[in-house]
Structures are given as C-alpha cells and as structure tokens.
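Contents: one structure, followed by commentary.
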Amino acid sequence: MWSSAWCQGWDVAVVLLLGVWLPSSLGQTTPSPQHQSNKLQFRLVGYPRKHNEGRVEVFYKGEWGTICDDDFSLANAHVLCRHLGFIAATGWTHSAQYGKGTGKIWLDNMQCTGTEKSVELCKSHGWGNSDCTHDEDAGVICQDERLPGFVESNVIEMQVEEDRVEAVRLRSVVVASKTKMPIAEGIVEVKYKDGWAQICDLGWTPKNSRVVCGQMGFPFERKVNKNFYKRNKRATGPKLKGNGSAGSRLFTGRQKNFYRIYSVACLGTEGHLSACPLQFSKGNASAPCRGGMPAVVSCVPGPLYSHVNSRKKKLKISSTVRLKGGAKIGEGRVEVLKNNEWGTVCDDRWNLQAASVVCRELGFGSAKEALLGARMGQSMGPVHLNEVQCSGLERTIWSCRYKNVTSETCKHEKDAALRCNVPYMAYENTIRITGGRTRYEGRVEVATTNENGTQGWGLICGEGWSTREAMVVCRQLGLGYANHGLQETWYWDGSNVTEMVLSGVKCSGDEMTLSHCQRHKAVSCQKAAARFSAGVICSETASDLALNASLVQQTVYIEDRPLHMLYCAAEEDCLSKSAAKANWPYGHRRLLRFSSQIHNIGRADFRPKAGRHSWVWHACHAHYHSMDIFTHYDLLSVNGTKAAEGHKASFCLEDNECLEGVSKRYECANFGEQGITVGCYDQYSHDIDCQWIDITDVKPGNYILQIVINPNYEVAESDFTNNAMKCNCKYDGHRIWLHNCHIGDAFSEEAERRFEKYPGQLNNQIS
C-alpha cells in the first residue's frame, strides 16, 4: 500500500521560479559535477488534466523533452511523481493521452524499480537515445498529496543534497506511554541513513519545540521537565517518584546517542523542521553535544486527541473556523463565520503560514499543504476573506491581516483549502480490506485478539451496512471517500477469514475509526456466511450536492390544480393520501410549488447508484427513474411534526447549466446517461409534475419547509451536512411566504437556534 511512509527515505530541494529554496525530504548522495551543471527540472503539461496529472516533461541540457512510453511502468511513475513533489503515483498513461509534446524525447525504455532517488539511476537507452515519436509520450497520475516541504509549483528542479532532514519522530521513553496514542512527549529523532539519530539540546528553544509539535500534529508545545530525563537517563526499570504516574518506567536506558544535528534555530512559524536553519554534526566530531542531552519535546494534543492525556491543557475547538469537504481528518475547504453566516476564504496570497494558523486553531498541527483553486470543492455561500496574511504565530485567523471581499469580486473557483499535520494514531492497523480488484475496494476485516493472545482477523455482518459506515472505513485507511457500502461481497476472492466478529455497526459518518461507531454487544447476524460480509469501494474524489436556497424562496407559490390533470402524479404517489378519496376527475388539489437547482460543488460527478439497465420506465411521464427517492419535500409544524410531505423520484439527472468552461456530460433524452457534472446543476422547474407538496389538508399557520437531497445516502458525497435546506413559512389559507431559506450548515449554531425557535409571523409583512 502506497503511503507517506514510502517517501521517508527521500530528500529533495525544491526551487520556485523566483529562486526561493525550500527543503524537503530526498537522498543522501552528493551530486556529481556533471549533475550540478545539468540540473534536472520536471513539469506536468497537457490537456485536459488536473493539477496532479499530465504528460511528464524533463528539462535537460537547456531543453524540455518528453519520455517514451516503451517499457513504462507504475514504478517509473512513482519515481517521477516524487520528483514532482507528490508522495507516490496512482497510475500512468501511454500514447500521448495528454497530447503530444515537442522537441526532444529524452528517455526511452526507462525501467525503474520504484525506489530510485533520481530518474538518472533508472535503466534506459541513455539521454536522447530514442526510436519513439511523440505519439508515444508517457504521462503520470500522482496521488494528490505533497511531500513535506514541497510547495505548489508546476516546475520542480531536482538536486540531491547530503544534509537534509528526511523525517522526524518523537520517541517516548516512558513505559506507561509506550502503547498510548498519540505520542505527545519524547526524544526528538531524525531519520538518518538506515536508522534514527538525536538532536543536541544545547540552545534548544520553545520555538524549536513549536515546529516539532506542529509537524507531529499538535497545536502547541509545553515546558518539559528535563530533570526527569537527566535523572533517569541511565534507568532501566526502577520505579520513579515525584514525576510521572506511579509505576512509570523508562524503557530505553543505556542507549548510545548519535547526534545528527547539534544546532537548530527555528522561528516557530516553519511547517517542517527541515525549513529551520540547521547545523549538522560532522562525522569526526569527538563530542558533538558536550554537556548536553538529546532534545526532548512535550506537546499539547488538540481536543480530538485529548482523551489519551489527562495532563493536557484544556483546548477548545474554534467556533468561527471550520473545514469542509475533505476526506481525511484535518483537511478541507476553509470556512469562517461572519455575521452568523459561514463563508469561504479567497486563495489570493493564501500560503502555509495562514493555513498553519487555521490548523492550530482547529486543534491540529502546522499545515502540510495550502491548497488553491477550490481543490476541496466549492461553497454555495458568501466569500468572506481575501489576501489573508499571517506571520504564523497568530492564535486565530481573525488576528491576521485580510481584506473583506464578496463573491462578486472573488468567485468560488478560488476557495482556499488546506491539509494539516495530524497526530499518528495507528488506526489503519486495526482494519483492512481484502479481495478487491484495486487497493480502493474489498471486504472489510477487523483485527481481533483471542483469549490466548493470538491475533487474527474477522468479518463484519453486512446487514444494515451503508455508505456512512463505508465513509468511516475509507477515512480510517486513508483511501479517500466512500463510493459504496456493500452488504454482500461474494464476488470478491475471500481469504481464510470466515468468522463474523462484528454486527449492527452504525456510524454517523464522521468518526475517525470504526471502533467509535455503535455495534451489537454480541454478534447477531441472520446471514452469517462470509459472502454476506460488509465491503467498501473507496474513491479519491466524491460529488457534493447543494441546493440553491434563494431560488426556492424566490419562486414559491400556490396552485389549485384540477384533478383531471393529476392522473400521472397520482400514479407516481406525488399527492397526499386524502387524494385517493377525492371525486375524480372533479375537484382540485392545492399544491405548494417552487423551483429547485441542485448544484454539484464536489470533485466527482454525481451518478445514480443503479446501473442504467435497472432504471424504471414511467410511461405516463415518459421518463426513466434512476433513483428510488432523490428528494424529500416536507412541511413541518413549528414543533417539528410533519404537516404535509412530498417526494420526487429522480425524473432524470442531467446537466441543465454549467459554469463557464465546464461542458455538459449528461442528458436524459434518448435513454442517455444520467448524472450531474462537477460545476453544473440540474434544475427542476416549478411547473414539473411532483415538484410540489400537496397542502390541500394543511391549515393556515406558521411552518418550516424542509427539502432534503439524496435523503437515503444512496450516492456517496463528500459532505452530507449541506444536503438539507430549511425555510420559515407563513401560510394564510390563500397565499404563502418563505423567508430565511438556507442550507443546513450555512448559519451559526446561535442563528440556527433562533430559526428553530421562530415564534411565527403575526402579519404578512416580511422584514
């Protein structure tokens, strides 16, 4: 399985075109004079493509050129993606899929093992020796996660250097803390060659500790009791008194320290230790840390991780900043609360310092990446801030300099996002998926321990298993979003694991691990055969539907529609129950009508769960239904009881309008494909059958109109909190008014409470 662990032995320096050097993590060899005179540069080009994919071009001897696809492999792509600043590759392309390049074809029959630190170490015919044409240009698809220290730049200059910090860790030395996660205190160690080395603590400052803690996923550092470590550094097991809990023991005693670094001078704003000024110990130094000891750091865990450490300072999660749309904990689109309404941040001047302030404010460490261009999807709300400038030491984004902005001057295509460093919790070791065609799918298995201490794996009962449980599994394994939660997995190769060990698993969908979800105390599964065990299909991207609340408010009206015009609607169960007792075809039904726009603001197309051959044809309206229920319409009394209801099966899912530059892909005519493309919306006009609530039996009064898209979670989305929309409603028996229409996560908690406790209008004047 490819992960960030793959790149721990790598050490690269990145050059922006402005000439600013930022260190990262790649190799231990000194570049040859020839290499220094011919520094390699890499870039991704072509069309159409995303930021992390494209035709690979190499700058060598003053000229850009391509790589031939002969003998190309995923191992080649891994090496190239790391050159480009990504942690690994997920795929590669041949035959100039991203268009044909020009100029030289620099490499042909390139063959890498995948572990090389440079393409120069891979086998090939040599630079410029090729019998290919540009019809055979190779491309790569990189995993959308950057190596530490890399910044967003399409041109990466690669130079291997000797002195770089490849990776950093905290090594706990107290027995009681050895198995606790996260490790929030310990000796700072840096990866060196095939092992780990220490840092001399002479001149060590709290700013250094702040950077290390941030890199480990913790928002703040705290003072550490160095005497505890000095007094017990030779200890191999005696009980300690006065420091730590009773019975605490040092489990690393007489270990010889190897000091790789003897001086660190961080400012406290760096996101990675490698960005600080460092002085490396020389190999022949006789006493590299005379009078000192290994640097020790103690960190304050954020609220999500505080349960493991009772000594921590109590931290509160910010109520004015949040992350939306991310697959993992600690990543997402940045949204801030202003005037009781959530809005986004424009990405002009957005950088790691500002992102780190947000990350720490939310209880995580420093920022791993500051993402531009709505990389975590777009919002439907206002844009609140632009040109945010932080030093990196602020406690909240509101203490940084910024400009107020509107969605007219900065579009949601520029919504800022980020990825934070989060504490390592080893959650991925307690669960696995097996049998699938790719690493993104499979039967879910959980780790077990028998009474005799033997460890093994067990299955989860598929009964009741849904998209929400799958969301937790995919997040826990770092595999992105859930595409499907499967209740049967007979079509995947099974291992020798056959025992059901969990049943009745119910998750809300936002848990960090499956163990945080509800489950039966004792296994109870009607279909206990292995073929009925739970499975998942994960995806790196997901759709996200959101309703245009203001359009509903603007288009609402009442129509008294004759019964003889409602036969088709009755057939599709779009009228209230009392309609069955009406004197057909005489009389009428009173309908609350409105238009709705369903926008896909996510990062993947919204497609119906069912394949086209299982769609249901409705002859009366002459359309196919691709989903059983696409939307719920409810009129609720002020106390929350249902006064009237409507629902709409998916008449058809198609692109009615799209953002500039986005092409329509789905059209229902002629049994076409159904779906909603990213950046497009599907509009259901007020005059379409079933686009209503039958309120014939509703008495005048104050109500709440509620609309819920994809109510049964049939199709996976990156964010379900914005699927509901609510409005205050006034009905006087003849006319109807809507106001305060908003999607479910648009307001602050205080504003939402005021909405729910709204006493109702005394007149028909809307202020």
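The values are calculated or read from the model by the stated rules, or taken from the named source; none is laboratory data. Keep in mind that what you see is a predicted model, and the values were worked out from it rather than measured. As a convention, Cβ positions derive from the backbone with ideal geometry for all residues, glycine included, and neighbour counts pool all protein chains shown. Just so you know, the surface numbers come from the protein's heavy atoms only, side chains and all, with ligands and any DNA or RNA stripped out. Shrake-Rupley method; radii C 1.70, N 1.55, O 1.52, S 1.80 Å.
Are any residues in segment 617-629 out of contact with any helix residue (DSSP H, G or I) (no Cβ under 7 Å at 6 or more places or on another chain) and either at pLDDT below 75 or open to solvent by less than 60 Å² (accessible area, probe 1.4 Å) (or both), and if so, which ones?
We begin by selecting, within segment 617-629, every residue out of contact with any helix residue (DSSP H, G or I) (no Cβ under 7 Å at 6 or more places or on another chain); these are 617-619, 622-629.
Within segment 617-629, 618, 622, 623, 625, 626, 627, 629 qualify.
I'd like to verify a number: residues in segment 66-83 that are among the polar types (S, T, N, Q) and assigned to a helix (DSSP H, G or I), how many? Walk me through it before giving the result.
Just the residues of segment 66-83 that are among the polar types (S, T, N, Q), to begin with: 66, 73, 76.
Subset that is assigned to a helix (DSSP H, G or I): 76.
Of the residues in that region, 1 qualify.
Pick out, from segment 339-398, the strands (runs of 3 or more DSSP E) lying fully within it that include 2 or more residues that are farther than 16 Å from residue 325 by Cα and either touching a residue at least 24 places away in the same chain (Cβ under 8 Å) or open to solvent by 40 Å² or more (accessible area, probe 1.4 Å) (or both). Spell out how you get there, then give the answer.
Values: elements: 341-345, 367-371, 383-389.
The qualifying strands (runs of 3 or more DSSP E) are 367-371, 383-389.
From (1) within 21 Å of residue 342 (Cα to Cα); (2) in a loop (DSSP other than H, G, I, E, B); (3) at pLDDT below 90, pick out the condition that doesn't hold for residue 752.
(2)
How many of the residues in segment 505-564 are open to solvent by 70 Å² or more (accessible area, probe 1.4 Å), over 21 Å from the mean Cα position of the chain (by Cα) and under 21 Å from residue 472 (Cα atoms)?
6
When segment 399-413 is examined, which residues are found to be open to solvent by 10 Å² or more (accessible area, probe 1.4 Å) and farther than 24 Å from residue 303 by Cβ?
Those that are open to solvent by 10 Å² or more (accessible area, probe 1.4 Å) and farther than 24 Å from residue 303 by Cβ: 401, 402, 403, 404, 405, 406, 407, 408, 409, 411, 412, 413.
Against the condition modelled with pLDDT of 85 or more and of a type in the set (Ser, Thr, Tyr), how does residue 179 come out, does it pass? Step through it out loud before you land on a result.
Values: modelled with pLDDT of 85 or more: no; of a type in the set (Ser, Thr, Tyr): yes.
Considered against the rule, which asks whether it is modelled with pLDDT of 85 or more and of a type in the set (Ser, Thr, Tyr), residue 179 comes out as no.
From the set of residues in segment 272-289 that are of a type outside the set (S, T, N, Q) and at pLDDT 85 or above, which is most open to solvent (accessible area, probe 1.4 Å)?
Among those residues, the one meeting the criterion is 277.
Please verify whether segment 605-616 includes one or more residues that are in contact with a His (Cβ under 8 Å, 6 or more places away or on another chain) and surrounded by fewer than 16 Cβ atoms within 10 Å (Cβ to Cβ). Can you show your working first?
Looking only at segment 605-616, we keep the residues that are in contact with a His (Cβ under 8 Å, 6 or more places away or on another chain), and these are 609, 615-616.
Retained after the next criterion (residues that are surrounded by fewer than 16 Cβ atoms within 10 Å (Cβ to Cβ)): 616.
Among the residues of segment 605-616, at least one is in contact with a His (Cβ under 8 Å, 6 or more places away or on another chain) and surrounded by fewer than 16 Cβ atoms within 10 Å (Cβ to Cβ), which makes the answer yes.
Tally the residues that are out of contact with any Asp or Glu (no Cβ under 8 Å at 6 or more places or on another chain), open to solvent by 70 Å² or more (accessible area, probe 1.4 Å) and assigned to a strand (DSSP E or B), restricting the search to segment 430-456.
Count: 2.
So is residue 215 at pLDDT 90 or above, under 31 Å from the mean Cα position of the chain (by Cα) and crowded, with 17+ Cβ neighbours inside 10 Å or not? Before the answer, list the steps.
On the way: at pLDDT 90 or above: yes; under 31 Å from the mean Cα position of the chain (by Cα): yes; crowded, with 17+ Cβ neighbours inside 10 Å: yes.
It is true that residue 215 is at pLDDT 90 or above, under 31 Å from the mean Cα position of the chain (by Cα) and crowded, with 17+ Cβ neighbours inside 10 Å.
Can you find even one residue in segment 457-473 that is without any contact (Cβ under 8 Å) to a residue 24 or more places away in the chain, surrounded by fewer than 18 Cβ atoms within 10 Å (Cβ to Cβ) and assigned to a loop (DSSP other than H, G, I, E, B)?
Filtering segment 457-473 for residues without any contact (Cβ under 8 Å) to a residue 24 or more places away in the chain gives none.
Checked against the condition, which is being without any contact (Cβ under 8 Å) to a residue 24 or more places away in the chain, surrounded by fewer than 18 Cβ atoms within 10 Å (Cβ to Cβ) and assigned to a loop (DSSP other than H, G, I, E, B), segment 457-473 yields no hits at all.
Scan (1) in contact with a Ser or Thr (Cβ under 8 Å, 6 or more places away or on another chain); (2) in a strand (DSSP E or B); (3) surrounded by fewer than 23 Cβ atoms within 10 Å (Cβ to Cβ); (4) of a type outside the set (Lys, Arg) for the single condition residue 56 breaks and write down its number.
(3)
So is residue 495 of a type in the set (Ser, Thr, Tyr), open to solvent by 40 Å² or more (accessible area, probe 1.4 Å), more than 30 Å from residue 324 (Cα to Cα) and touching a residue at least 24 places away in the same chain (Cβ under 8 Å) or not?
Working: of a type in the set (Ser, Thr, Tyr): yes; open to solvent by 40 Å² or more (accessible area, probe 1.4 Å): yes; more than 30 Å from residue 324 (Cα to Cα): yes; touching a residue at least 24 places away in the same chain (Cβ under 8 Å): yes.
Here the answer is yes, as residue 495 does meet what is asked.
Examine segment 662-677 for a residue that is within 21 Å of residue 555 (Cβ to Cβ) and more than 33 Å from the chain's Cα centre (by Cα), and state whether such a residue exists. Before the answer, list the steps.
Taking segment 662-677 as the starting set, the residues that turn out to be within 21 Å of residue 555 (Cβ to Cβ) are 676.
Adding the requirement that they be more than 33 Å from the chain's Cα centre (by Cα) leaves none.
There is no residue in segment 662-677 that is within 21 Å of residue 555 (Cβ to Cβ) and more than 33 Å from the chain's Cα centre (by Cα).
Within segment 474-492, count every residue that is on the phi > 0 side of the Ramachandran plot and open to solvent by less than 20 Å² (accessible area, probe 1.4 Å). Reasoning before the result, please.
Within segment 474-492, the subset on the phi > 0 side of the Ramachandran plot is 478, 480.
Okay, now just the ones that are also open to solvent by less than 20 Å² (accessible area, probe 1.4 Å), so 480.
Final tally of qualifying residues: 1.
Could you list all residues from segment 641-668 that are out of contact with any Lys or Arg (no Cβ under 9 Å at 6 or more places or on another chain) and free of Cβ contacts under 8 Å to residues at least 60 places away in the same chain?
Hits for segment 641-668 are 641, 642, 650, 651, 652, 660, 661, 662, 663, 664, 667, 668.
Would you tally the residues in segment 102-135 being open to solvent by 50 Å² or more (accessible area, probe 1.4 Å) and closer than 22 Å to residue 90 by Cβ?
4
Six or more apart or on different chains, Cβ under 7 Å: which pairs go from a residue in segment 191-204 that's at pLDDT below 90 to one that's among the charged types (D, E, K, R) and assigned to a loop (DSSP other than H, G, I, E, B)? Could you list them?
Between residues of segment 191-204 that are at pLDDT below 90 and residues that are among the charged types (D, E, K, R) and assigned to a loop (DSSP other than H, G, I, E, B), the close pairs are 191/166.
Look at segment 188-202 and say how many of its residues are within 32 Å of the chain's Cα centre (by Cα) and among the aliphatic types (A, V, I, L, M).
Qualifying residue count for the region: 2.
At least 2 residues that are modelled with pLDDT of 90 or more in each: list the strands (runs of 3 or more DSSP E) lying fully within segment 85-166 that qualify. Even if it seems obvious, please write down each step before you answer.
Working: elements: 89-93, 104-107, 139-142, 155-158.
Because the criterion is at least 2 residues that are modelled with pLDDT of 90 or more, the strands (runs of 3 or more DSSP E) in segment 85-166 that meet it are 89-93, 104-107, 139-142.
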